[in-house]
Amino acid sequence: MRTKLIYNMYPLRRNRRLRSSEVIRSLIRETIISPNDFLVPLFVVEGKSIKEEITSMPNYYRFSLDLLASEVKELWAMGLKSVLLFVKVPDNLKDNVGSEALNPKGLMQRAIKTVKDSCPEMLVMTDVALDPYSSFGHDGIISEGKIINDDTNGVLAEMSLSHAMAGADFVAPSDMMDGRIFEIRSLLEDEGFHDTGIMSYSAKYASAFYGPFRDALDSAPVDQQNIPKDKKTYQMDFANRDEAIKETLMDIQEGADIVMVKPGLSYLDIVRDVRNAVDVPVAVYQVSGEYAMLKAAAEKGWLDHDAVMMEQLVSIKRAGAHIIASYFSKDVVKLIS
Ligand code: PBG
């Protein structure tokens, strides 16, 4: 006697039919990544003909301006059309208030022009924070052992204006001071930079995954008396979830065009919460420590580099990212093209 088939249950419904070949899997795939998804972080140094590998970030480099020009042309040819610039500032130019950040002929300002001259259509975003310029390695001005919020905002706004004047399309404040988006937007509007966008690092956690980045820029907080050893009074506590929504909604109210969650992989619950809560594009920063972990495991032969890289990047997009800032951008585009 045959069992009666009950509608919409096994065996009428077998989910494995939709997994039976790569063709059917690709036909129904929900998340596809393409070069359009990626924002490429670039590290810039003074000097000539410099392309130096960052020790804790294998196959990732700091470029002097001449080689930055060729790098962005290469990126553009690969279909990578957006960059996020960071500069490594010589120690003798660092101080407590980040004066060098406002120098119209500073390294960042020249880097922006270099990218625009060599590849005019490349979208240029710039890091806005004091840490690469700070003699203490903090994102804000320090007084009596504390990071001073409102004075720092003044510098961040001037810094953003200076980047906009040099030709940046978007400024990307990564400092987590309160109210900085409002201060930056107000100054850009007052000065006529209506089209300069703001990508806010709105939910940025105090994370140990930033280690290799601080090596790359020599920007770690200094080990000195009366200087905070970490960034926990401004970056978020990684135990918090609801707070990410509060931070993000406030930044949008203040004028952020794009919001960000950072780091990536350990924070995908936050990415989905933010994506569901906002009506602006969401960026995710897959940070230096995430890059370093996979490179190290692959070097040891313990993980399949390309397979794990794809899985991680697709997961970030699946979680809700419209934009992925990643040191794997070139690797992944080579793999998928
Ligand atoms: C600094 C800044 C950091 C990163 C981007 N901007 C480090 C920090 O906050 O200490 C981290 C990026 C990475 O780890 O890849 N404002």
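Residues in segment 206-236 that are open to solvent by 20 Å² or more (accessible area, probe 1.4 Å), more than 22 Å from residue 267 (Cα to Cα), more than 9 Å from the ligand (Cβ to nearest atom) and aliphatic (A, V, I, L, M): 222 only.
Taken over segment 179-194, the criterion of being under 22 Å from residue 219 (Cβ atoms) and either more than 19 Å from the chain's Cα centre (by Cα) or of a type in the set (Lys, Arg) (or both) is satisfied by 180 alone. Of all residues in segment 212-225, those that are in a loop (DSSP other than H, G, I, E, B) have Cβ atoms under 8 Å from Cβ atoms of residues that are more than 10 Å from the ligand (Cβ to nearest atom) and acidic (Asp, Glu), 6 or more apart or on another chain, in 218/91. Checked against (1) touching a Ser or Thr at 6+ places or on another chain (Cβ under 6 Å); (2) among the hydrophobic types (A, V, I, L, M, F, W, C); (3) open to solvent by 40 Å² or more (accessible area, probe 1.4 Å), residue 256 meets all criteria but (3).
Restricting attention to segment 157-166, the residues that are in contact (Cβ under 8 Å) with a residue 60 or more places away in the chain and within 15 Å of the ligand (Cβ to nearest atom) add up to 1.
Select from segment 104-129 the residues that are surrounded by fewer than 15 Cβ atoms within 10 Å (Cβ to Cβ) and part of a loop (DSSP other than H, G, I, E, B) and list them in ascending order. Scanning segment 104-129 gives 104, 105, 120, 121.
Within segment 188-211, being part of a loop (DSSP other than H, G, I, E, B) and of a type in the set (Gly, Ala, Ser) holds for 192, 206, 207. Only one of the numbered conditions (1) open to solvent by 60 Å² or more (accessible area, probe 1.4 Å); (2) more than 18 Å from the chain's Cα centre (by Cα) is not met by residue 81, and that is (2). Evaluate the following for residue 53: is it acidic (Asp, Glu), without any contact (Cβ under 8 Å) to a residue 60 or more places away in the chain and in a helix (DSSP H, G or I)? Taking the combined requirement at face value, the residue does not satisfy it.
Do we have residue 239 as out of contact with any Pro (no Cβ under 8 Å at 6 or more places or on another chain), of a type in the set (A, V, I, L, M), crowded, with 16+ Cβ neighbours inside 10 Å and in a loop (DSSP other than H, G, I, E, B) here?
no
Here 151, 169, 139 are screened, and the one residue that is within 16 Å of the ligand (Cβ to nearest atom), charged (D, E, K, R) and at negative phi is 139.
Counting only residues that are hydrophobic (A, V, I, L, M, F, W, C) and touching a residue at least 60 places away in the same chain (Cβ under 8 Å), which one in segment 129-156 is farthest from residue 233 (Cα to Cα)?
Per the criteria, the residue is 136.
Can you say whether residue 47 is in contact (Cβ under 8 Å) with a residue 40 or more places away in the chain, open to solvent by less than 50 Å² (accessible area, probe 1.4 Å), assigned to a loop (DSSP other than H, G, I, E, B) and small (Gly, Ala, Ser), as far as the supplied structure shows? When the stated conditions are applied, residue 47 does not pass them.
Looking at residue 24 and the list (1) in contact (Cβ under 8 Å) with a residue 40 or more places away in the chain; (2) open to solvent by less than 80 Å² (accessible area, probe 1.4 Å); (3) on the phi < 0 side of the Ramachandran plot, which single condition is not satisfied? Only one criterion in (1) in contact (Cβ under 8 Å) with a residue 40 or more places away in the chain; (2) open to solvent by less than 80 Å² (accessible area, probe 1.4 Å); (3) on the phi < 0 side of the Ramachandran plot is unmet by residue 24, namely (1).
Residues checked against (1) open to solvent by less than 20 Å² (accessible area, probe 1.4 Å); (2) hydrophobic (A, V, I, L, M, F, W, C); (3) under 30 Å from residue 244 (Cβ atoms):
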{"site": "134", "(1), (2), (3)": "yes, no, yes"}
{"site": "140", "(1), (2), (3)": "yes, no, yes"}
{"site": "145", "(1), (2), (3)": "no, no, yes"}
{"site": "152", "(1), (2), (3)": "yes, no, yes"}
{"site": "164", "(1), (2), (3)": "yes, yes, yes"}
{"site": "167", "(1), (2), (3)": "no, no, no"}
{"site": "177", "(1), (2), (3)": "yes, yes, yes"}
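The values are calculated or read from the model by the stated rules, or taken from the named source; none is laboratory data. As the structure is a computational prediction, the values presented were derived from the model and not from experiment. Cβ atoms come from the backbone with ideal geometry, glycine included; neighbour counts cover every protein chain shown. Accessible surface areas use protein heavy atoms only, side chains included; no ligands, DNA or RNA. Shrake-Rupley method; radii C 1.70, N 1.55, O 1.52, S 1.80 Å.
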